[in-house]
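Take a look at the structure below.
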Amino acid sequence: MRTPSFSLTAARTVLATASILTCIAAQAATITIQSRDPAGFGFNDATPVAPVGGNNGTTLGQQRMNVYRHVADIWERNLQSNVTITVSAGWEALNCTATSATLGSAGAWNIWNNFPGGKKNTWYPAALANKLAGVNLTAGIPDDGTGYGNVDIKTQFNVNLGQPNCLAGSSFYLGLDGNAGGQVNFAATLLHELGHGLGFSVVSVQTSTGFRINAAGSAYVSEGGLPSVWEEFMYDNTAKKSWLNMTSAERRASAINPLGLAWTGANSVAGASILRGTPLLKSAGPGSTIPTMEFNASSFGPVAPTSGKLGVLTTITPQAGEIGPGCSPFDAANTAAVRGKVPIINRGACAFALKVKNAQNAGAIGVVLANNAAGPLVPGGTDASVTIPSVGITQAEGELLKAAVAAAKPYGSRAQAGAVTATFAVDNTRKAGADAFGRPLLYTPATLAPGSSVSHWDVTASPNLLMEPSINSDLTLSVSPPQDLTLPLLKDIGW
């Protein structure tokens with residue numbers, strides 16, 4: 001299985017200018033959930049279910065709504081606003097295959113500029129604009145027949161998840177205790193998506209021709225030359241400019257500048273002290289000098305330790321009939337090669353967890369997964385039966401390790417003694433997921449990922465953060481330090 005991505009999707013953009021002036025002391029936020037599901041479907045599904053993980057609902061629909069209410073309560077405790085935040089919620093048949101799925105999406109239903117309390121000529125998502133203005137700006141928008149006349153955030157989640165043709169076997173876990181196992185934790189997923197709707201999303205996104213409104217797609221973009229509230233806090237360490245001062249061409253380059261785009265908001269920079277040291281993979285072997293490498297731990301299997309031996313590295317050879325490296329049960333030759341060792345396996349053709357499981361079944365004690373394209377690799381996915389550690393490294397680093405392994409093997413009559421052995425270490429002078437100045441990094445893979453690029457924290461962050469582009473099994477339902485950095489960023493933009 002491949003780890004499904006979490007996309008920011010906004011169904012409609014209402015570009016509005018407010019002219020209301022008010023001043024009211026802030027109070028705890030109130031979030032109202034409006035179901036748009038028909039009878040017998042989604043929240044109204046009467047299928048009997050047993051209570052699970054603190055969720056005492058007795059029907060599937062009740063349990064789904066209980067998770068919504070639980071997550072809304074978390075956000076209410078962390079936010080202040082005098083204006084009720086209205087969420088339109090529904091279950092839909094989203095894109096699916098047997099091995100991948102769109103779990104869901106969320107986004108601000110309207111964006112606003114030039115209202116009292118906001119920065120002049122700057123776009124804000126509806127819920128934040130209402131908070132800053134102190135009044136419900138959205139209430140003035142007439143219903144256009146869609147039923148969303150007074151909605152701040154729209155969410156939708158995949159009603160078919162876990163079915164044979166929709167990420168088979170990995171349904172939403174509706175418990176509230178985080179014990180999702182091999183299922184997808186719906187509470188964490190919803191917490192993530194509502195974070196987008198509240199404002200954790202840039203209003204600009206790269207396209208092939210520049211930056212433009214994309215009302216039905218990945219994210220909002222600048223309209224009429226006006227920036228979003230995000231852009232002053234996005235600083236590219238290569239261009240040495242904030243997005244607020246960039247041209248469209250510079251933004252296009254910045255959006256695909258791996259590990260190059262930092263967030264400079266004071267709350268987030270202070271909160272980034274929670275990030276751990278950068279994990280390292282150190283390798284030693286005869287016949288070559290092997291540089292120390294940064295790695296990203298897989299989202300499945302045991303947590304990679306911060307020190308100690310990983311094992312002796314080895315390689316595998318192509319097998320007849322396989323669709324990609326490590327995608328089929330290992331044949332006799334590869335089984336002999338990996339038994340008691342750590343194979344280096346390239347990304348591609350099948351899920352990371354499947355590659356690791358096949359290696360585990362052949363007797364491997366760990367796996368190093370190498371990217372097949374430029375940039376860092378974070379192996380995602382779920383498989384509770386994986387019991388060996390695995391890590392992701394870059395394509396170039398994978399080739400270096402494979403060359404070192406080849407140099408250490410017997411060659412003709414001139415066998416070189418020893419083997420290449422990998423160990424874990426940590427560089428505590430550098431924060432994982434931050435730049436050299438300790439500023440947290442935004443997700444900017446070398447290939448643009450619509451709905452994910454720029455609008456998430458980078459996948460190199462450790463511990464894993466709620467607003468990374470995929471949900472990790474070790475997340476809590478916290479949005480603030482010492483567990484998370486979501487709330488600090490929202491405070492940076494005005495919450």
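The values are calculated or read from the model by the stated rules, or taken from the named source; none is laboratory data. Just so you know, these numbers come straight off a predicted model, no measurement behind them. Every residue, glycine as well, gets a Cβ built from its backbone with ideal geometry; the counts of neighbours run over all protein chains shown. Surface areas here come from the heavy atoms of the whole protein model, side chains and all, with no ligands, DNA or RNA. Shrake-Rupley method; radii C 1.70, N 1.55, O 1.52, S 1.80 Å.
Set the Förster distance to 30 Å, then compute FRET efficiency between Asp331 and Asn165 from the Cβ-Cβ distance, nearest 0.05. So, using R0 = 30 Å, E works out to roughly 0.45. Put +1 on the Cβ of each Lys and Arg and -1 on the Cβ of each Asp and Glu in the chain; which of Asn56, Leu465, Gly311 then has its Cα farthest toward the positive end of the dipole? My answer, from the dipole projection, is Gly311. The slack between Asp177 and Thr289, meaning 0.36 nm per residue of separation minus the straight C-alpha distance, is 35.6 nm. How charged is the neighbourhood of Gly392? Take every other residue with its Cβ under 12 Å from the Cβ of Gly392, and add Lys/Arg as +1 and Asp/Glu as -1. Residues near Gly392 contribute 0 overall.
What's the FRET efficiency of Lys309 with Thr238 using the Cβ-Cβ distance as r and R₀ = 41 Å, to the nearest 0.05? It comes to 0.65.
Measuring with a 1.4 angstrom probe and ignoring ligands and nucleic acids, Ser390 comes out at about 0 Å² accessible. The alpha-carbon of Lys154 sits under 25 angstrom from the alpha-carbons of these lysines, leaving out residues fewer than 8 places away in its chain: Lys119, Lys131, Lys491. Within the same chain, aspartates and glutamates fewer than 8 places from Lys120 are excluded, and of the rest, those with a Cα less than 20 Å from its Cα are Glu223, Glu231, Glu232, Asp492. Less than 5 angstrom separates the built amide H of Val159 from those of Glu92, Ala93, Leu94, all sequence-distant by 5 or more or on a different chain.
Ordered by 1.4 Å accessible area with all protein chains kept, Val368, Val426 run largest first as Val426, Val368. Stretching Ile323 away from Ala46 to a fully extended chain increases their span by 95.5 nm, per 0.36 nm per residue minus the current alpha-carbon distance. Think of a 1.4 Å ball rolled over the protein heavy atoms: the range 306-359 then has 43 Å² of accessible area per residue. Only protein heavy atoms count here; under a 1.4 Å probe, Lys357 has an accessible surface of about 50 Å². Applying 1/(1 + (r/R0)^6) with r as the Cβ-Cβ distance of Asn372 and Ala266 and R0 = 41 angstrom yields a FRET efficiency of 0.60. Cross-link reach is defined here as a Cα-Cα straight distance under 16 Å, omitting same-chain residues fewer than 8 places apart; for Lys355 the aspartates and glutamates meeting it are Glu322, Asp331, Asp383. Solvent-accessible area of His70, all protein chains in place: 60 Å² (probe radius 1.4 Å, heavy atoms, ligands and nucleic acids excluded). Considering the dipole of the chain built from charges on the beta carbon (Lys and Arg +1, Asp and Glu -1) around the Cα centre, which of Phe157, Asn372, Gln34 is farthest to its positive end? So the residue furthest toward the plus end is Asn372.
Farthest towards the positive end of the charge dipole of the chain, among the residues Gly199, Ala404, Ala434, is the Cα of Ala404, using unit charges on the Cβ of Lys, Arg, Asp and Glu.
Along the range 423-429 the Karplus relation, 6.51 cos²θ - 1.76 cosθ + 1.60 evaluated at θ = phi - 60°, assigns HN-Hα couplings of 10, 8, 7, 9, 9, 6, 7 Hz to successive residues, with x for each Gly and Pro.
Each label was represented as a point 7 Å from its Cα along the Cα-to-Cβ direction; for Lys120 and Thr59 these points are 5.5 nm apart. For the chain, the Cβ-based charge dipole about the Cα centre amounts to some 1000 debye (Lys, Arg positive; Asp, Glu negative; other atoms uncharged). The order of Leu354, Leu132, Leu103 by accessible area, most exposed first and with a 1.4 Å probe, is Leu354, Leu132, Leu103.
Helix-only mean residue ellipticity at 222 nm, the chain, DSSP H runs n ≥ 4 weighted -39,500 (n - 2.57), per residue, nearest 500. What is it? Mean residue ellipticity at 222 nm (helix-derived): -5500 deg cm²/dmol.
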